[in-house]
1. Report, ordered by the first and then the second residue, all pairs with beta carbons closer than 9 Å, sequence separation of six or more or different chains, a first member in segment 191-203 that is in contact (Cβ under 8 Å) with a residue 60 or more places away in the chain, and a second member that is part of a helix (DSSP H, G or I) and of a type in the set (K, R).
2. Keeping to segment 103-120, report how many residues are at pLDDT 90 or above and not hydrophobic (A, V, I, L, M, F, W, C).
3. Can you tell me which residue in segment 295-318 is surrounded by the fewest Cβ atoms within 10 Å (Cβ to Cβ), limited to those that are more than 27 Å from the chain's Cα centre (by Cα) and within 21 Å of A86 (Cα to Cα)?
4. Residues in segment 237-256: is at least one out of contact with any strand residue (DSSP E or B) (no Cβ under 8 Å at 6 or more places or on another chain), among the acidic types (D, E) and modelled with pLDDT of 80 or more?
5. Looking at segment 102-116, can you tell me whether even one residue there is more than 18 Å from V268 (Cα to Cα) and aromatic (F, W, Y)?
6. Mind checking which strands (runs of 3 or more DSSP E) fall wholly inside segment 273-333 and carry at least 1 residues that are at pLDDT below 85?
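The values are calculated or read from the model by the stated rules, or taken from the named source; none is laboratory data. Computed from a prediction, not measured in an experiment: that's the story for all the values here. Cβ sites come from the backbone with ideal geometry, for glycine too, and all protein chains shown count toward neighbours.
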Amino acid sequence: MHRRICERFNTRVFIAAGTACILFSSLGSVVCGEQEGATSGTGKVSDVPISPGVYRSDTTIRIHSDLVLIPVTVTDSSGKVVSGLAKEHFTIFEDDARQEITHFASEDAPVSIGIVFDTSGSMEPNLSKARQAVNCLLDGANPDDEFFLVRFSSQARMVVPMTSRFGQIRAQASRLEAGGSTALLDGIRLAMAEMRHARYSRKALIIISDGADNSSRWTIPELNAAVREQDVLIYAIALTAAEYRFVDSGAALLKGIASQTGGRSFEVKKPKQLPDVTATIGGWLRQQYVLGYEPIRTERDGAYRKVDLKIVRPKGYPRLHAVWRQGYFAPKE
């Protein structure tokens, strides 16, 4: 069902405009509180734990069609993803004007995923944890997902181009060795270029690293500009030793990169944390609602359009939190 719905999305977009370039905006949030007479904890809630913290960003959307798609993640107060909501439970606004939701999807769908793997010298003590993170991601993947693997140290290199053969990713990750400096931004740059070959509309980069960039040719402003040009979520798994915290500059860099795309960064000190972290990432990627509407305003003026969202909590559902993309730039003629 979900694939058919997504195909309808794509067909509508291409018929309307010939081409589509949908780039997502900053992350918003809403809390749907308790209703009188409702009982908590009986809604459909997955077992995937997600931090209830909300990460805002400055990323934007640009569209070249009459259809705007807004992905929404809904969790309960403990941070678990909530499923089972219907179109009538959502109300969407553009610049304070209510919009008619014409497209709605809520089921699992395949994802195109790029793994960006740090092999710098400082990763030597964390290399086994990094490989375990890759294996956990693959173990929890949808069978129809596709992956590629980029490694970076002093330079970034493509290890495995986009493939649906998970065994190739496992095998090559197991052979990676640590050495050299850290060209993190260049690794992301190479991964974003490869993502242009993705088959699926849901796309994500997952960075596995332990420190800050110290040798990239690419700059942070260039990175920020690039993430505005692609609808790719970025997640980071920050590996540390149990006896010390993640390097502050590295943590801030990864958090900033991830949050501006609508993703987030996770700090992992112990291998036993990896299954929960990778399951959380999987939950954020797959258990989303996608709301589509044709804007009431039709001007192609390149102006920023703010998107707001409200949820009516069904009876019997717990307190709900929603996170969504908060706006987009209208196309220009």
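1. R202/R286
2. Of the residues in that region, 6 qualify.
3. K315
4. no
5. Taking every residue of segment 102-116 in turn, at least one turns out to be more than 18 Å from V268 (Cα to Cα) and aromatic (F, W, Y).
6. Qualifying strands (runs of 3 or more DSSP E): 304-311, 320-325, 327-329.
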